[in-house]
Amino acid sequence: MDNPTARQAGRFDPLQPFLEQAIADHAFPGAAWGVVQNGVVQALGAAGGFTYEPTSPRVLPGTLYDLASVSKVVATTAMAMLLYQRGLLELDLALGDVLPGFVIAGERGAGRHRVTLRLLLAHASGLPGYEPLYLEDRGSEALLRACLQLPLTAAPGVRAEYSDPGFILLGKALEVIAGEPLDRFCAREIFAPLGMSRTLYNPAPELRASMPPTELDESFRHRVIQGEVHDENCFVLGGCSGHAGLFAPVGDLLRFAEAMLAPLRPGQTSGLFDAGTVRLFTARCGLPEGSSRALGWDTPSEHSSSAGGHFSSRSCGHLGYTGTSLWIDPERDLGVVLLTNRTWPTRENKRIQQVRPAFHDLVSVLL
């Protein structure tokens, strides 16, 4: 994957004042971003600082951010794609066949035996969207056990509800199938082959000061959260889970986007994913009918998509709670990454909801 030329990067100069205005409006303290198209990194950029303080370190294009739920596609879904491609994962395998503790809790919701890995990927398992399981603070094994015992809030396959518990359990199921932890599998089988050398879980303590803080936590950890996972459930699970935990810079995510795009070009391959696997996991799966969800990925909604108004219906992407996003459009051979820490100093700030679509629309105009 080639680096941007000065001429190419200059096309995207208008993104800098756009992001600086977003920072001035306190949508987030800083941002790093990048664009890859036709196998070429068209531009990398950064704006603002780690916090709103004038003395704060400046964000650089290579700054590592807490990806939050973008971890769901770059790690967990990518692991599922590889296992499927290698004939080791059956999408319609029942979760209870891999994690028997899920079905043993059968009295907590009818139909648990019908929850499959496909339904977990499609966020249509019937599991709740979010549960603050960390409040019990009894350790990782107790939190996983509590997740296994969560009651279904809908019959499997009937309702689409974006579910962190569903991806926690999916991650554990994939670990059982692969016979090793998610972080170890992803480091060896995904990140290393793609040259994503700075993508990791649980950054070492000496690296934390080089990463933007995500929140001043006054309710659980009672400290500034910097260089450790923002998501509390993931924190109790040890910093690596199916739903969160990954840290990465823009450049590594552009490499991942290229790995998704390359096999869709005639006669090309990414060396990681097959074209058929990419198409299967990124197409809307109709679970239930009308859902925008693919398998692990999301697709642009008809109204008010975070991808803006120009990404094609074949596009796939994902957002992260901390203010991160990755969108990929195979029709334009395009990948766009935006990383921020919009949760600093408090997660109540939702201004990024207006910035994201406008950012992607501006990128589209400048292509």
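Write out, first by first residue and then by second, each pair whose Cβ atoms fall under 6 Å of each other, whose residues are 6+ apart or on separate chains, and whose first residue, in region 300-311, is on the phi > 0 side of the Ramachandran plot while the second is not in a loop (DSSP other than H, G, I, E, B).
Here the result reads GLY308/PRO357; GLY308/HIS360; GLY308/ASP361, each pair linking region 300-311 to a residue that is not in a loop (DSSP other than H, G, I, E, B).
Looking at PRO266, PRO345 in this structure, which one is assigned to a loop (DSSP other than H, G, I, E, B) and modelled with pLDDT under 95?
PRO266
Taking region 49-83 as the region of interest, how many residues are out of contact with any Phe, Trp or Tyr (no Cβ under 7 Å at 6 or more places or on another chain) and surrounded by fewer than 24 Cβ atoms within 10 Å (Cβ to Cβ)?
Qualifying residue count for the region: 13.
Pairs under 9 Å by beta carbon, first residue of a type in the set (A, V, I, L, M) in region 267-296, partner surrounded by 14 or more Cβ atoms within 10 Å (Cβ to Cβ) and assigned to a strand (DSSP E or B), six or more apart or different chains?
Final answer for the pair search is VAL278/CYS316; ALA283/CYS316; LEU287/ARG293; ALA294/CYS316.
Which one of GLY271, GLY227, GLY320 is buried (at least 19 other Cβ atoms within 10 Å of the Cβ) and at positive phi?
The unique qualifying residue is GLY227.
If ARG293 satisfies all but one of (1) modelled with pLDDT of 95 or more; (2) closer than 29 Å to ARG159 by Cβ; (3) surrounded by fewer than 16 Cβ atoms within 10 Å (Cβ to Cβ), what's the number of the condition it fails?
Here ARG293 meets the rest and fails (3).
Per-residue answers, yes or no, for (1) closer than 30 Å to LEU60 by Cα; (2) within 17 Å of the chain's Cα centre (by Cα):
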| site | (1), (2) |
| --- | --- |
| THR153 | no, no |
| GLY171 | no, yes |
| LEU182 | yes, yes |
| ASN202 | yes, yes |
| MET211 | yes, no |
| HIS230 | yes, yes |
| ASP252 | yes, yes |
| PRO263 | no, no |
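What number of residues in region 180-195 are in contact (Cβ under 8 Å) with a residue 40 or more places away in the chain, of a type outside the set (Gly, Ala, Ser) and out of contact with any strand residue (DSSP E or B) (no Cβ under 7 Å at 6 or more places or on another chain)?
Adding up the residues that qualify gives 9.
Look through region 33-57, keep the residues that are closer than 16 Å to ALA22 by Cβ and part of a strand (DSSP E or B), and return whichever of them is nearest to the chain's Cα centre (by Cα).
TRP33
Based on this model, can you work out whether GLY335 counts as under 16 Å from PHE256 (Cα atoms), in a loop (DSSP other than H, G, I, E, B) and either in contact (Cβ under 8 Å) with a residue 60 or more places away in the chain or among the acidic types (Asp, Glu) (or both)?
Judged against the criteria, GLY335 is not a match.
Answer with yes or no whether GLY30 is under 19 Å from ARG351 (Cβ atoms), in contact with a Lys or Arg (Cβ under 9 Å, 6 or more places away or on another chain) and crowded, with 24+ Cβ neighbours inside 10 Å.
yes
Filter the helices (runs of 4 or more DSSP H) completely within region 111-197 down to those with at least 2 residues that are closer than 17 Å to MET79 by Cβ.
117-121, 164-178, 182-186
The values are calculated or read from the model by the stated rules, or taken from the named source; none is laboratory data. This one's a predicted model, so the numbers in the text were calculated from it and none came from an experiment. Cβ sites come from the backbone with ideal geometry, for glycine too, and all protein chains shown count toward neighbours.
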